[in-house]
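Below: the structure, in structure tokens.
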Amino acid sequence: MAELMGPLRSVLYIPAANARALDKARGLAVDGLIFDLEDAVAPDAKAGARDILAQALGSGFGSRVTMVRINGFDTQWAAGDLAALAAVRPEAVLLPKVNGAADVEALDRLLAQHGLAETRIWAMMETCTGVMNAAAIARAPRMAGFILGTNDLAREIGCATGGDRMAMMVALQTCLLAARAAGIACVDGVYNAFRDEEGLRAECEQGRSLGMDGKTLIHPAQVAVANAVFAPTVEALDLARRQIVAYEAALAAGQGVAVLDGRIVENLHIVTARATLAKAEAIAALERT
């Protein structure tokens, strides 16, 4: 589950060709980083970006969740990306435009050939075919999580981005359900208007309500909002603690359920309460590093 790899409230894309941005990322209060060799790097800069990224990864990025988005298998650059990554042994590889489990299985074999036995796989869920195959993709080898590519997905569907996102809600929920069934993470897509804090907050709140682990971001200015929205609130933490106390008291009295604030508290509520507290502890631990 996402909690096992650390918080994922904010996951920021960083162009792999931008050495200054890579260095600056170490000082950002972000939970995760996607080092992008794909869309953020021009074709004639791909080779140089690999070298820049390899040098940056050698210095480490603390306890944040990190992954490298390689170029797709349908391009001329994927093989070179994987060869360059073999020496630096990244935590995870993010595969773009995943259409089915076979894509992940192919990457699994290539990682093994490069001696990357511990490297996990994340899938960009950004095609209609991929969404339709989400359950199988989520259970493919090495899978750690989904990153929703809502811009590409909207283009394929033919719907608009932004707004209430109802036009792509089936796709969002299908990916989320598949991720939860397989016990992997699911991180929401980007919000394009990075200066629109109100719009970003609204979309983060929607993603949180749906059950997303966090939000992918395109600019450091978006980090604070995502971190705030996807963190447990003071009220949620207080309720979680009181639920646990009430339930344990009920068990000690030989009862199977408790009543708190006029509501039933059962074991399922305690599972959620403990997860809420664990998330807060993981966030605190990350912020101390």
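Summary of computed values
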| read-out | value |
| --- | --- |
| Qualifying residues in segment 128-166 (those that are among the β-branched types (Val, Ile, Thr) and closer than 22 Å to Leu8 by Cβ) - the one surrounded by the fewest Cβ atoms within 10 Å (Cβ to Cβ) | Thr161 |
| Segment 136-171: number of residues that are more than 18 Å from Lys97 (Cβ to Cβ) and in a helix (DSSP H, G or I) | 4 |
| Residue match in segment 223-234 (condition: among the aromatic types (Phe, Trp, Tyr) and over 22 Å from Gly27 (Cβ atoms)) | no |
| Residue within segment 29-36 that is within 26 Å of Ala181 (Cβ to Cβ), touching a residue at least 40 places away in the same chain (Cβ under 8 Å) and of a type in the set (Asp, Glu) present | yes |
| Check on Met143, over 23 Å from Arg201 (Cβ atoms) and out of contact with any Ser or Thr (no Cβ under 6 Å at 6 or more places or on another chain) | yes |
| Segments classed as helices (runs of 4 or more DSSP H), wholly inside segment 186-289, with at least 2 members that are surrounded by fewer than 18 Cβ atoms within 10 Å (Cβ to Cβ) and free of Cβ contacts under 8 Å to residues at least 40 places away in the same chain | 197-210, 234-252, 267-288 |
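Rule-based calculations on the coordinates, nothing more; no lab input. Treat the numbers as computed from the prediction; the structure is a model and nothing was measured. As a convention, Cβ positions derive from the backbone with ideal geometry for all residues, glycine included, and neighbour counts pool all protein chains shown.
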